[in-house]
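> I have a structure here, written as C-alpha cells, and I will follow up with some questions on it.
The values are calculated or read from the model by the stated rules, or taken from the named source; none is laboratory data. It should be emphasised that the depicted structure is a prediction, and the values quoted were computed from it without experimental measurement. A quick note on method: Cβ atoms are made from the backbone with ideal geometry, for glycine too, and the neighbour counts reach across all protein chains shown.
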Amino acid sequence: MTDPSPSAGVDDAILSVDGVSVWLAGREVLHDVRFDVRPGEFTGLIGPNGAGKTTLFRVILGLQASSTGSVLVGGRPLNRRSPIIGYVPQKVFLDPDMPLRARDVVGLGLDGHRLGIPLRWGGRREAVDRMLAAVDATHIADARVGNLSGGEQQRVLIAHALISRPRLLLLDEPLANLDIRAEAEVVALLARIAREQRIAVLISAHDVNPLLPVMDRLVYVAAGKTASGTTDEVIRAEVLSALYGQHVDVLHVHGRILVVSGAEGASGITVEETGGAPAAADVVALR
C-alpha cells in the first residue's frame with residue numbers, strides 16, 4: 001500500500017488505514033486493519049453487529065487511540081480540528097417537540113469547525129439552501145425536523161455533514177431502521193454526491209445488498225479482522241471463512257447475497273428465521 005503525501009495528486013487516497021489494531025479491556029477488537037479510500041469512491045464497511053465497525057470509525061475520527069498502526073486523512077495524520085471529515089453518527093434522537101427546522105440543523109454544520117467571523121446571514125441562508133437542494137430536501141427545509149420520516153431525517157443529517165465541504169464522509173449505519181424504499185433513496189443520494197462532488201464516502205452497514213448497485217469497494221469486518229477489495233474479491237467463501245474462523249458459504253439468490261454458516265454459536269452472526277423456526281443453516285445478517 002502506498003501512503004499519500006500532503007502533495008499527493010487528486011486521485012491518491014483521502015483515507016489511508018495502515019495496520020490498525022485496537023485493544024480494549026484486554027481484548028483485541030480490531031486486528032491489522034488496512035485499506036484506502038479515494039476521491040469519489042463509494043466504500044462499504046460491512047459486517048455483523050459487534051464486529052468492530054464503530055470502533056474503527058472512532059479511530060478514523062481521532063476519538064479512539066489505536067494500539068498499533070496509523071491513519072492518514074488527506075495525506076496527513078489525524079487532526080480533530082480539520083473540516084476534511086464529515087460524519088453522520090449511528091444514533092441521533094431528534095425530539096418531535098424541539099422547535100428546530102431542517103434548515104436549522106443543516107446550518108449548524110457551518111459552525112462546527114469555523115473560526116473567526118461567521119457568514120453573514122444572507123450568505124449562510126444561501127449555503128444552507130444550496131445544500132438542501134443538493135440532497136433533494138428543499139421541500140422540507142422549514143419542517144420541524146423531529147416530525148420528518150427516517151429517510152428525510154437522514155437527508156438532513158447528510159446535508160449537515162456536507163455543508164462544511166469535507167473530502168471524506170463517514171456514515172455509521174445510516175440505513176438502520178429505514179424501509180426498503182428509503183434505503184434505496186439514501187444510497188442513491190450518497191452515490192450521486194460521491195460522483196458529483198468527488199467526495200470519498202465510507203458507509204457502515206450490516207447488510208451489503210442495498211449497497212451493491214453503487215459500491216466501488218468494500219471492507220468486510222468480522223471478529224475484528226478485515227478483508228478489502230471489490231465485492232467479487234471479498235464476498236467469497238474462502239475469504240469469509242478465514243475471517244470468521246469457520247466455514248461459510250456464499251449464495252446468490254435473486255440478485256441478493258446470503259452468507260451462510262453451517263456451525264452454531266458463531267460470534268457476531270445473526271440467524272434469520274423462516275416461518276418462526278430456525279432455517280436449515282445459520283444465515284449471517286447479510287439478508
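> Being in contact with a Phe, Trp or Tyr (Cβ under 8 Å, 6 or more places away or on another chain), in contact (Cβ under 8 Å) with a residue 40 or more places away in the chain and either outside any strand (DSSP E or B) or of a type outside the set (Ser, Thr, Tyr) (or both) narrows it down to one of Leu169, Leu189, so name that one.
Values: Leu189 fails: in contact with a Phe, Trp or Tyr (Cβ under 8 Å, 6 or more places away or on another chain).
Only one candidate qualifies: Leu169.
> Something else now. When both residues are 6+ apart or on different chains and their Cβ atoms are under 7 Å apart, which pairs have a first residue that lies in the stretch 99-116 and is closer than 17 Å to Val135 by Cβ and at pLDDT 90 or above, and a second that is loosely packed, with under 14 Cβ neighbours inside 10 Å and not polar (S, T, N, Q)?
Arg101/Asp142; Arg103/Asp142
> For residues that are more than 23 Å from Gly19 (Cα to Cα), assigned to a loop (DSSP other than H, G, I, E, B) and among the aliphatic types (A, V, I, L, M), scanning just the stretch 69-98, find the one that is modelled with the highest pLDDT.
Only one residue fits best here, namely Met98.
> Residues to consider are Ala200, Ala205; find the one that is over 23 Å from Ala133 (Cα atoms) and surrounded by 17 or more Cβ atoms within 10 Å (Cβ to Cβ).
Sole residue among the options that is over 23 Å from Ala133 (Cα atoms) and surrounded by 17 or more Cβ atoms within 10 Å (Cβ to Cβ): Ala205.
> Can you tell me which residue within the stretch 227-254, out of those that are among the aliphatic types (A, V, I, L, M) and not in a strand (DSSP E or B), is surrounded by the most Cβ atoms within 10 Å (Cβ to Cβ)?
Going through the stretch 227-254, the residues among the aliphatic types (A, V, I, L, M) turn out to be 227, 234-235, 237, 239-240, 242-243, 248, 250-251, 253.
Subsequent filtering for residues that are not in a strand (DSSP E or B) retains 234-235, 237, 239-240, 242-243.
Numbers: Val234: 21, Ile235: 21, Ala237: 14, Val239: 16, Leu240: 23, Ala242: 14, Leu243: 20.
Restricting to residues being among the aliphatic types (A, V, I, L, M) and not in a strand (DSSP E or B), the top hit is Leu240.
> Return the residues of the stretch 192-226 that are closer than 22 Å to Glu152 by Cα, acidic (Asp, Glu) and outside any helix (DSSP H, G or I); say none if nothing qualifies.
Once the filter is applied, which keeps residues that are closer than 22 Å to Glu152 by Cα, acidic (Asp, Glu) and outside any helix (DSSP H, G or I), the stretch 192-226 yields only Asp207.
> Taking the stated definitions as given, is Asp129 in a loop (DSSP other than H, G, I, E, B), surrounded by fewer than 18 Cβ atoms within 10 Å (Cβ to Cβ) and at pLDDT 90 or above? Steps first, answer last, please.
Details: in a loop (DSSP other than H, G, I, E, B): no; surrounded by fewer than 18 Cβ atoms within 10 Å (Cβ to Cβ): yes; at pLDDT 90 or above: yes.
In short, no.
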